[in-house]
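Asker: My structure is below; once you've seen it, I'll send some questions.
The values are calculated or read from the model by the stated rules, or taken from the named source; none is laboratory data. All values reported here derive from a predicted model rather than from experimental measurement. Heads up, the Cβs are rebuilt from the backbone with ideal geometry, glycines too, and the neighbour counts pull from every protein chain shown.
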Amino acid sequence: MAPIRTLDFREAAAPSAVTLEAARSLLRRVFGHVDFRGLQAPVIAELLAGRSALAVLPTGGGKSLCYQAPAMLRPGVGVVVSPLIALMADQVAALSQLGVAAGRLDSGLPTDAREETWARLQRGELDLLYVSPEGLMQGWVLERLRRVPLSLIAVDEAHCVSQWGHDFRPEYRALGRLAETFADVPRLALTATADARTREDIRRQLQLGDAAEFVASFSRPELALFAERKSGRGRDRVLSMVKARKGRSGIVYAGSRSGVEELAERLGAEGLAAKAYHAGLDRDTRRDRLAWFLDTDDSVMVATIAFGMGIDKPDVRFVIHADPPSSIEAYWQEVGRAGRDGQAAEGVTLYGSSDFAWAAERIRRADLPEDQALLQVRKLRQLYALLEGAGCRPAAVRRYFGETEVSPCGRCDRCLAPPVGTDVTKAAQKALSAIHRLGGRYGRGRIIDHLLGRGDPGREQALSTFGIGSEVSAGAWRALLDQLLFEGLIAETPNDGRPTLDLADAEAVLAVYRGERRLTALSAPGRDKPAMGRRRRTAVEAPEGPDLALYEVLRDWRRDEAHRLGLPPFFVLGNAALAAIARDRPRNRSDLASVDGVGQTKLDRYGDALLALVRGYD
Ligand code: ADP
Ligand code: ZN
């Protein structure tokens, strides 16, 4: 692997000082910026010298300039491969505003607009041409491009080419052929997040040979990061956090469409400027809401991860994860959307053990090749290790991305209030023994009752573990069970919506029994606790845990169905019926018919679809 260069431009400038000077004056004249930032200068110098490069710059690090400037200075047109049409349109519009000749070719454009772009290209009028990967790799497009001089080819979001990345897109694979088709054209692979393995893969897939690699520091000193375990679904907590930030613009990420809709609605009811955004909304609505978000000072977007790449709003003051992301890459990219103007901003992540169990379950169900599934579960574990960890959060992220000699940030929750560690090894031993004695058949509630010596003892009373934990509160046991799950000592089986807990890694459990492995519970002082016991009860009690996930799937289905029929969702089925289906998991039509709210008509109309959805959750 080529050496990683993290030098700044003064060192790198020497070989091509003249042209870099030209780039700097272009930067001032066209873009109005005083000087290059971070690694922009060395990356640009590399391209100006006609060499390919791989650059990893954090979100907001100014990746676009790395190819825009050399494309304008070198003869020929710079081809930019980008995965999102909306993003291309924005960039082309922004460049046109600056008087830069840029065009795009994408399937969203009318034919005559595309023809116009081709004509400008052939007349040598364009500096930049934006295309999607699948658009570019069509034979006739490549053929036409071969007949015009190219200044460079930039591959944006290059991590999409790698299975080891967090957003693999098969259509990126074909881009490897560019190396042969345009052997003399320097290529630039760009991404905001790629660990060492992903970088290696990008290099191989895109045939970058020994191209120089530029990896910027992932330091984001303006970001203050916080994370806390949820109590319940954590929705009230999100509400109060957003209310406390009233007047500021932010993004709230939730894991499902229905979660997004619900939160947006509740925030709206509190008088906050909040809108929902997810892939289930039609294109126009999404476009309008994005425009609203960008143009409004105090706009709060509640979104699924569909609201992602290309959100270039400089003054986003907070990103709140109502549900946790799926990897450290995704986490960093998402919280990274706050504070792009360099002013103080916050990233707050709420997470719970059922989120973890569900994410793992989703991976299992996705039917991926085994190594892929294992990798994704590992990424998930690494994220939870970071969320649960005692150390500085940005420092952990930076180490994850391969930075060394990282110092604590001084502004995350862990730095501000170093958690107090309590040795809970003894309690963990009790919990593990109880789970072992109960034979892995029971869920949390029953295990906690057993430890406390509550409930209907029956045969359990005879077990030596009955009531051995009565000195600890039920809440503390719950937290400890979560910790055991996070640490991989116990595992949760969905079991038809009634999750059971069992011992997981036998070696590790043994080490805890023997006291060789100590467990420390962290409690961070000074954080306000989520409001307990004040939970507003809605008419329908939303299910919890795995039931909740199915419930939300059912609600998404209902929304689509309602949309298709042009009816309000509750005409299809009520919340109570959906909750009952999520809880009872009917296996056949007669089971389904016994659910309150499912009559013969609904059974005929929706029976098969509902049973299929439920079966998908086995
Ligand atoms: P990325 O794609 O890496 O997330 P962008 O290329 O969209 O970042 O740039 C992020 C923001 O930083 C933009 O608003 C851009 O105008 C600004 N920017 C880029 N380079 C510079 C620079 N050298 N000086 C000042 N601002 C810059
Ligand atoms: Zn810190």
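Asker: Among the strands (runs of 3 or more DSSP E) contained in segment 248-340, which hold 2 or more residues that are free of Cβ contacts under 8 Å to residues at least 40 places away in the same chain and not assigned by TED's automatic domain parsing to the domain that holds residue 557?
Answerer: On the way: elements: 250-253, 274-277, 300-303, 318-321.
Filter on segment 248-340 gives 274-277.
Asker: Can you pull out every residue in segment 123-146 that is part of a loop (DSSP other than H, G, I, E, B) and free of Cβ contacts under 8 Å to residues at least 24 places away in the same chain? Outline the logic, then answer.
Answerer: First, the residues of segment 123-146 that are part of a loop (DSSP other than H, G, I, E, B): 123-127, 132, 137-138, 146.
Passing the criteria: 123, 138.
Asker: Which one of these is closer than 27 Å to residue 259 by Cβ, in contact with a helix residue (DSSP H, G or I) (Cβ under 8 Å, 6 or more places away or on another chain), at pLDDT 85 or above and not basic (Lys, Arg): 550, 519, 485, 481? Step through it out loud before you land on a result.
Answerer: Working: 550 fails: at pLDDT 85 or above; 519 fails: closer than 27 Å to residue 259 by Cβ; 485 fails: at pLDDT 85 or above.
Only one candidate passes the filter, namely 481.
Asker: Is there a residue in segment 403-420 that is away from ligand 2 (no atom under 16 Å from the Cβ) and over 23 Å from residue 217 (Cα atoms)? Walk me through how you get there before you give the answer.
Answerer: Taking segment 403-420 first, the residues away from ligand 2 (no atom under 16 Å from the Cβ) are 404, 420.
This time we only want the ones that are over 23 Å from residue 217 (Cα atoms), so: 420.
Yes; the residues of segment 403-420 include at least one that is away from ligand 2 (no atom under 16 Å from the Cβ) and over 23 Å from residue 217 (Cα atoms).
Asker: Just checking: which of the helices (runs of 4 or more DSSP H) contained wholly in segment 387-443 hold 3 or more residues that are within 16 Å of ligand 1 (Cβ to nearest atom) and farther than 17 Å from residue 227 by Cβ?
Answerer: On the way: elements: 393-400, 413-416, 425-437.
In segment 387-443, there are no helices (runs of 4 or more DSSP H) which contain 3 or more residues that are within 16 Å of ligand 1 (Cβ to nearest atom) and farther than 17 Å from residue 227 by Cβ.
Asker: Looking at segment 378-394 only, could you name the residues that are touching a helix residue (DSSP H, G or I) at 6+ places or on another chain (Cβ under 9 Å) and surrounded by fewer than 19 Cβ atoms within 10 Å (Cβ to Cβ)?
Answerer: Residues satisfying the conditions are 381, 382, 385, 388, 389, 390, 391.
Asker: Of these, 64, 96, which one is among the polar types (S, T, N, Q) and touching a residue at least 24 places away in the same chain (Cβ under 8 Å)?
Answerer: Details: 96 fails: touching a residue at least 24 places away in the same chain (Cβ under 8 Å).
None of the others qualify; the one that does is 64.
Asker: Could you list, in sequence order, all residues of segment 385-402 that are closer than 20 Å to residue 421 by Cα and more than 10 Å from ligand 2 (Cβ to nearest atom)?
Answerer: Taking segment 385-402 as the starting set, the residues that turn out to be closer than 20 Å to residue 421 by Cα are 385-393, 395-396.
Listed by number, the residues that qualify are 385, 386, 387, 388, 389, 390.
Asker: Moving on to the next point. Are there any pairs with C-beta distances below 7 angstrom linking a residue in segment 368-389 that is under 16 Å from residue 491 (Cβ atoms) and in the same structural domain as residue 330 (by TED's automatic domain parsing) to a residue that is among the β-branched types (Val, Ile, Thr) and part of a helix (DSSP H, G or I), with the two at least 6 apart or on different chains, and if so which?
Answerer: 373/363; 377/363
Asker: Against the definition (modelled with pLDDT of 75 or more and surrounded by fewer than 16 Cβ atoms within 10 Å (Cβ to Cβ)), how does residue 576 come out, yes or no?
Answerer: Values: modelled with pLDDT of 75 or more: yes; surrounded by fewer than 16 Cβ atoms within 10 Å (Cβ to Cβ): yes.
Spelling it out, residue 576 is indeed modelled with pLDDT of 75 or more and surrounded by fewer than 16 Cβ atoms within 10 Å (Cβ to Cβ).
Asker: Sticking with this one: Kindly evaluate residue 383 against the criterion of being within 12 Å of the chain's Cα centre (by Cα) and within 30 Å of residue 486 (Cα to Cα). Please lay out each step first, then the result.
Answerer: Details: within 12 Å of the chain's Cα centre (by Cα): yes; within 30 Å of residue 486 (Cα to Cα): yes.
So residue 383 fits the description; yes.
Asker: Could I ask something else about it? Considering only segment 575-614, how many residues are touching a residue at least 60 places away in the same chain (Cβ under 8 Å) and either of a type in the set (A, V, I, L, M, F, W, C) or farther than 25 Å from residue 261 by Cβ (or both)?
Answerer: 3
Asker: Now a separate question. Which residue is nearest to the chain's Cα centre (by Cα), if the candidates are limited to segment 478-502 and must be more than 19 Å from residue 351 (Cβ to Cβ) and crowded, with 18+ Cβ neighbours inside 10 Å?
Answerer: Going through segment 478-502, the residues more than 19 Å from residue 351 (Cβ to Cβ) turn out to be 493, 495-498, 500, 502.
So of that shortlist, the ones also crowded, with 18+ Cβ neighbours inside 10 Å come out as 497, 500.
Numbers: 497: 26, 500: 28 Å.
Checking each candidate, the answer is 497.
Asker: Still on this structure, please answer the following. Scan segment 76-85 and tell me whether some residue there is loosely packed, with under 15 Cβ neighbours inside 10 Å and either more than 16 Å from ligand 2 (Cβ to nearest atom) or hydrophobic (A, V, I, L, M, F, W, C) (or both). Reasoning before the result, please.
Answerer: Keep residues of segment 76-85 that are loosely packed, with under 15 Cβ neighbours inside 10 Å, which gives none.
No - not one qualifying residue is present in segment 76-85.
Asker: While we're here: Count, please, the residues in segment 138-196 that happen to be touching a strand residue (DSSP E or B) at 6+ places or on another chain (Cβ under 6 Å) and under 18 Å from residue 376 (Cβ atoms).
Answerer: So the answer is 2.
Asker: Determine whether segment 340-348 contains at least one residue that is of a type in the set (Val, Ile, Thr), touching a strand residue (DSSP E or B) at 6+ places or on another chain (Cβ under 9 Å) and within 16 Å of ligand 2 (Cβ to nearest atom). Even if it seems obvious, please write down each step before you answer.
Answerer: Looking only at segment 340-348, we keep the residues that are of a type in the set (Val, Ile, Thr), and these are 348.
Add one more test, that the residue is touching a strand residue (DSSP E or B) at 6+ places or on another chain (Cβ under 9 Å), and what stays is 348.
Cutting the leftovers down to within 16 Å of ligand 2 (Cβ to nearest atom) gives us 348.
Within segment 340-348 (the criterion being of a type in the set (Val, Ile, Thr), touching a strand residue (DSSP E or B) at 6+ places or on another chain (Cβ under 9 Å) and within 16 Å of ligand 2 (Cβ to nearest atom)), the answer is yes, since at least one residue qualifies.
Asker: Sticking with this one: List every residue pair whose Cβ atoms sit under 8 Å apart, with the two residues 6 or more apart in sequence or on different chains, where the first one lies in segment 20-39 and is assigned by TED's automatic domain parsing to the domain that holds residue 69 and the second, anywhere, is within 16 Å of ligand 2 (Cβ to nearest atom).
Answerer: Filtered contacts from segment 20-39: 38/217.
Asker: While we're on this one: Which residue, of 291, 279, 303, 274, is over 19 Å from residue 258 (Cα atoms) and of a type in the set (Gly, Ala, Ser)?
Answerer: 291
Asker: Can you pull out every residue in segment 447-477 that is at pLDDT 85 or above, in a helix (DSSP H, G or I) and surrounded by fewer than 19 Cβ atoms within 10 Å (Cβ to Cβ)?
Answerer: Residue satisfying the conditions is 452 alone.
Asker: Can you tell me which of (1) in a helix (DSSP H, G or I); (2) in contact with a Gly (Cβ under 9 Å, 6 or more places away or on another chain) is the one residue 350 doesn't meet?
Answerer: (1)
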